[in-house]
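**Q** Quick one: the structure is below, questions incoming.
Any read-out appearing in this document is the output of simple, stated calculations on the displayed coordinates, not a laboratory observation. Quick caveat, the model's predicted, so the values are computed rather than measured. Cβ atoms come from the backbone with ideal geometry, glycine included; neighbour counts cover every protein chain shown.
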Amino acid sequence: MEVVKESEPNTTTMRKALLVINCIILSIGNCAGPLMMRLYFIHGGKRVWFSSWLETGGWPIILFPIACAHFYRSRTQPSSENKLFFMKPQLFIAAAVIGILTGLDDYLYAYGVARLPVSTSSLIIASQLAFTAGFAFVLVKQKFTSYSINAVFLLTIGSGVLAMHTSSDRPANESNREYVLGFLMTVGASALYGFILPLVELTYKKAKQEISYALVMEIQMVMCLFATGVCTIGMLVNNDFKVIPREAREYELGETKYYIVAICSAMIWQCFFLGAIGVIFCASSLLSGIIIAVLLPVTEILAVIFYNESFHAEKGVALALSLWGFLSYFYGEIKQSKENKPALETEMASVPNRQE
């Protein structure tokens, strides 16, 4: 029984380390992804389907860590059952369906970023947390504590504070119709991704096989593959493949930088998607939504620095509320883990006695 006592803390430590790594990956993608997308549009890019394609088009990158994990297992755990891919058909279908929904969400989000400043689109996406919390409660029976409810409330209020100043952020030479349509598309993207996150968690729970992080990367790859397929169809219908070479030549930063922006954007968005479903694997869809929400004011500050977007008092208040909500959530998690630890130790100590 000593083995069980030792392996349990080790597993918990590994899970926490993996959670921290995925939080960092998600932070990189969540902050840099919108900035790269906006960089494409403000310097002459106009293809919405192409921009949405870039959000998941970098999926082949995931093959590298999957292959590394396979070779590592081959050396440390030689076995005839050590396959490159472990995903069963049922899980593959579920990931494919989520990928199709992600492709639609990519288009809605790209359309909004094309019409709105980063600061405005970010504050709208903050409403995603409310959708995530609601769908998590319905789909995976998410249990809420007073601390998690407080975090959702503060982060939602933060986005509401930002909404008070959106009118001054409207880009020049943009009609009211385009601005309103971009606003509505971004709200739709927020609601849809708020549904996708708990759906991923439900897929983990309902999968008829053990979910490992290697399998999480496979799910990420399949999701992005099908999302890219949806966006590829949109590009074909919209003749984007014919226009891209001409658009690259006319790009304000130059043709070479056009393709550099596209490639970097595809790579950075992979960090976002892998980080998001990785946090769900290590914790929950609610935590993934909270991290996304708390990073939105950070994205706005970066937009102020790099794109000279206005920074007003409301953004500062929203940042403070976001940090407060974030700390509230983690304080509640730490407090709950400390309360659960004595009960777990008592239960494990009683196992040898029952064996005797």
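**Q** By how many nm would the segment from N238 to S146 lengthen if fully extended, with 0.36 nm per residue of separation less the alpha-carbon distance? List each step's numbers first, then the result.
**A** Numbers: separation 92, 0.36 × 92 = 33.12 nm, distance 4.83 nm.
Full extension of this stretch gives 28.3 nm more.
**Q** Another question, then. Can you give the FRET efficiency to the nearest 0.05 for T12 and E252, using r as the Cβ-Cβ distance and R₀ = 56 Å? Kindly include the intermediate steps, with their values, before the conclusion.
**A** On the way: r = 51 Å, r/R0 = 0.91.
The value I calculate is 0.65.
**Q** Sticking with this structure for a sec: For the stretch 28-121, take the alpha-carbon Rg, divide it by the Kirkwood Rh, and send me Rg/Rh.
**A** Details: Rg = 18.0 Å, Rh = 15.9 Å.
Result: Rg/Rh = 1.14.
**Q** Mind checking the full-extension length gain between Y307 and E210? Use 0.36 nm per residue of separation minus the Cα-Cα distance, one decimal, nm.
**A** Numbers: separation 97, 0.36 × 97 = 34.92 nm, distance 4.51 nm.
This chain segment gains 30.4 nm when fully extended.
**Q** F137 to Q336: FRET efficiency via 1/(1 + (r/R0)^6), r the Cβ-Cβ distance, R0 25 Å, to the nearest 0.05? Each step should come with its number before you reach the end.
**A** Details: r = 18 Å, r/R0 = 0.71.
The calculated FRET efficiency here is 0.90.
**Q** Sticking with this structure for a sec: Beyond 29 Å between alpha-carbons counts as too far, so tell me which of K83/K242; K16/K205; K16/K83; K16/K257; K16/K88; K16/K141 fall in that bin.
**A** Numbers: K83/K242 40 Å; K16/K205 19 Å; K16/K83 26 Å; K16/K257 39 Å; K16/K88 27 Å; K16/K141 23 Å.
From K83/K242; K16/K205; K16/K83; K16/K257; K16/K88; K16/K141, over 29 Å: K83/K242; K16/K257.
**Q** Please report the base-10 log of the normalised intensity I(q)/I(0) for the stretch 197-307, using a Debye sum with one equal scatterer per alpha carbon and no solvent, at each q in 0.14, 0.20, 0.21, 0.24 (1/Å).
**A** Rounded to two decimals, the profile gives -0.80, -1.13, -1.17, -1.27.
**Q** Each label point is 7 Å from the Cα along the Cα-to-Cβ direction; what then is the distance between the points at A320 and L63, in nm?
**A** In this crude spin-label approximation the distance works out to 5.1 nm.
**Q** Follow-up. Between the stretch 237-297 and the stretch 173-212, what's the alpha-carbon centroid distance in Å?
**A** Comparing the Cα centres of the stretch 237-297 and the stretch 173-212, I get a distance of 15 Å.
**Q** Please work out the FRET efficiency for the pair K88 and K46, using the Cβ-Cβ distance as r and a Förster radius of 56 Å; give the result to the nearest 0.05.
**A** Numbers: r = 42 Å, r/R0 = 0.75.
With a Förster radius of 56 Å, E is 0.85.
**Q** May I pose another question? Once you have the alpha carbon radius of gyration of the stretch 221-265, what is it after dividing by 2.2 N^0.38 Å, with N set to its residue count? Present the calculation step by step, with values, prior to reporting the outcome.
**A** Numbers: Rg = 12.5 Å, N = 45, 2.2 N^0.38 = 9.3 Å.
The reported ratio for this selection is 1.34.
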